[in-house]
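Comments concern the structure below.
Derivation of every value follows stated rules applied to the coordinates shown; laboratory data play no part. Note that this is a predicted model, so its numbers are computed, not measured. Please note: Cβ atoms are built from the backbone with ideal geometry, for glycine as well, and neighbour counts cover all protein chains shown.
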């Protein structure tokens, strides 16, 4: 007779705080419910207060893993990118968020998970392990990742250097990377300001890129990061040149 | 049981006094033990944690009972849902939303049947749920691991939904308040008696594979203590003669301990220690309400047999 196998939830004896911060996240009605409410609130606020405009929404793959990268100058960015997701992706696209910042206490973790479905990234302690976790999300559980290769919010809204971590993640794989440019988020809610201002935010999506041919070495990673930065710069130029006028 | 507030009912006040007295005595005993044996004593520390949780569990039971019929039915529904949720999480069934969703819906519909007092349908509802559970793999065109999932769903509904649902049906009975107050107190005291008697006299193991702490001495001592408790509480129950008293004592005293061990069987088979972490010192919902699940339908049908319960 075949033996029955039980796989209990790893969250069995965990508090709500631990459930929010542990990763990979298990199906959990409390956390999913929180995220559901978060998406509704966030879309309402982005649509009214920030009059969000999305150009090229159809460039998001309807299924399978992908990486979404963009410029980072505001807390709004992750929420703006999460606004292009389809309902089936609401719980399966994770915004990579600094563990030391967004998971420092219960309130921040609650907000980060509700509004961006954040996954903790240990950028100070063990970034290598966190990168492996990201790779698992893409390759093993085949879910999506939202990532800001600049690593932190730009203080003046200008585009900083892209860190090679993104390259390590996708070089030599078939995972599509979708570059995006967010315009207006810095004006609406720059670093260091407590209250966001009602400014129009525009999100421009680029065409998906694949880096199967690039070797997964240090040089390859840097090349991927540079290529993606160029793609984001091009989106910015195209926005200033025409679409946004 | 009426739909209006029951806080001022004589029987409610009697039980309120008993509970407050018990909590006070328990607190004094534990406080004294803490003083003499020291806070570091692991047994006393664990008992203190369990005792403190009673201050949360008790209002959760007492307030719905005092609010009347609708609150009791809804509270039992919430209890069933939470107990099934823990079961689903422990067995891994929760990953399959079709089966867990079907059981949740079945529990909700069962609550509706209790609400509209459709007794016949309440009794045969498991037939339809079992049929529904077997339909799911067919409709989804799946075979892999389906016997297990269907079985887990059926057990989950029957044991946590339907068994506990009887507790809700007491709210439809004229003297339901007295029965419910009796059950909650007797079952809780039975748990405490089982623990205390085991600690004091426990020697020969009862079912060592299921629970190493359960002993024959503890179990028999517990039945006697519960018998005495039931005997002294029975004057508060309408229409209870000697036969009914003996049956009630056996159902609560023996059934309560079986309920405890049933959850142990589930946990041991899966290989986990606690079902959850809702109540510090107790574990999850199932660790706390294990005995009540087993006792509720047995007690209900005993009462239904001897009295005009509908």
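Between residue A:207 and residue A:140, what is the FRET efficiency for a Förster distance of 25 Å, r being their Cβ-Cβ separation, to the nearest 0.05?
Numbers: r = 26 Å, r/R0 = 1.05.
So, using R0 = 25 Å, E works out to roughly 0.45.
Extending 7 Å from Cα along the Cβ direction at residue A:57 and again at residue A:237 yields two label points whose distance is 2.9 nm.
Each label was represented as a point 7 Å from its Cα along the Cα-to-Cβ direction; for residue B:36 and residue B:143 these points are 6.8 nm apart.
Relative contact order of chain B: 20 percent, from C-alpha pairs under 8 Å at least 6 residues apart in sequence.
Taking beta carbons within 10 Å but only from partner chains, what does the mean come to for residues B:88-94? Mind dumping the intermediate values first?
Numbers: counts 2, 8, 4, 5, 6, 3, 6.
Across B:88-94, the average partner-chain Cβ count within 10 Å equals 5.
Solvent-free Debye calculation, one equal scatterer per alpha-carbon of chain A: log10 I(q)/I(0) at 0.10, 0.15 Å⁻¹ equals -0.46, -1.06. Look at the alpha carbon pairs under 8 Å that are at least 6 residues apart: their mean separation over the length of the stretch B:1-81 gives a relative contact order of 48 percent. Annotation for the stretch B:133-159 versus the stretch B:103-119: alpha-carbon center distance of 20 Å. State whether the stretch B:182-310 is rounded, prolate or oblate according to the following rule on the C-alpha gyration tensor (a ≥ b ≥ c being the square roots of its eigenvalues): a/c under 1.5 gives rounded; otherwise a/b larger than b/c gives prolate, and the remaining case gives oblate. It is prolate, given that a/c is not under 1.5 and a/b is the larger ratio.
If packing is taken as the average count of other Cβ atoms within 10 Å, what order do B:24-34, B:193-203, B:147-157 fall into, highest mean first? Display every interim value, and only then the final one.
Values: B:24-34: 13.0, B:193-203: 16.9, B:147-157: 20.3.
Packing order, densest peptide first, comes out as B:147-157, B:193-203, B:24-34.
Indicate the gyration tensor shape class of the stretch A:29-170 (rounded, prolate or oblate), computed on the Cα atoms with a ≥ b ≥ c the square roots of the eigenvalues: a/c under 1.5 is rounded; otherwise a/b larger than b/c is prolate and the rest oblate. Note, shape of the stretch A:29-170 comes out rounded. Summary of packing: across the peptides A:3-10, B:81-88, the per-residue average of other C-beta atoms within 10 Å ranks them, highest first, as B:81-88, A:3-10.
Using Cα centres only, tell me the gap between the stretch A:128-166 and the stretch A:191-219 in whole Å. One Cα centre to the other: 10 Å.
Applying 1/(1 + (r/R0)^6) with r as the Cβ-Cβ distance of residue B:45 and residue A:16 and R0 = 22 angstrom yields a FRET efficiency of 0.30. For the stretch B:39-144, the square roots of the Cα gyration tensor eigenvalues, ordered a ≥ b ≥ c, give a/c of at least 1.5 with a/b no greater than b/c, which places it in the oblate category. Comparing B:76, B:127, B:295 in a Gaussian network model of chain B where C-alpha atoms under 10 Å apart are linked, the largest mean-square fluctuation is found at B:127.
Listing B:138, B:262 from fewest to most neighbouring C-beta atoms within 10 Å gives B:138, B:262.
Helix content alone sets the calculated 222 nm mean residue ellipticity of chain B: runs of n ≥ 4 DSSP H residues at -39500 (n - 2.57) each, divided across all residues, give -24500 deg cm²/dmol.
Exposure proxy for A:132, A:143: other Cβ atoms within 10 Å of each Cβ, ordered fewest to most, give A:132, A:143. Neighbour counting of Cβ atoms within 10 Å sorts the residues B:125, B:97, fewest neighbours leading, into B:97, B:125.
If we sort A:194-207, B:61-74 on the protection proxy, mean other Cβ atoms within 10 Å, highest first, what's the order? Could the numbers behind the result be given before it?
Values: A:194-207: 15.8, B:61-74: 19.0.
For the peptides A:194-207, B:61-74, the packing ranking is B:61-74, A:194-207.
Taken over the stretch A:1-57, the percentage of Cα pairs per 5 Å bin, counting from 0 up to the bin with the maximum distance, is 4, 14, 17, 14, 11, 12, 12, 7, 4, 2, 2, 1, 0.
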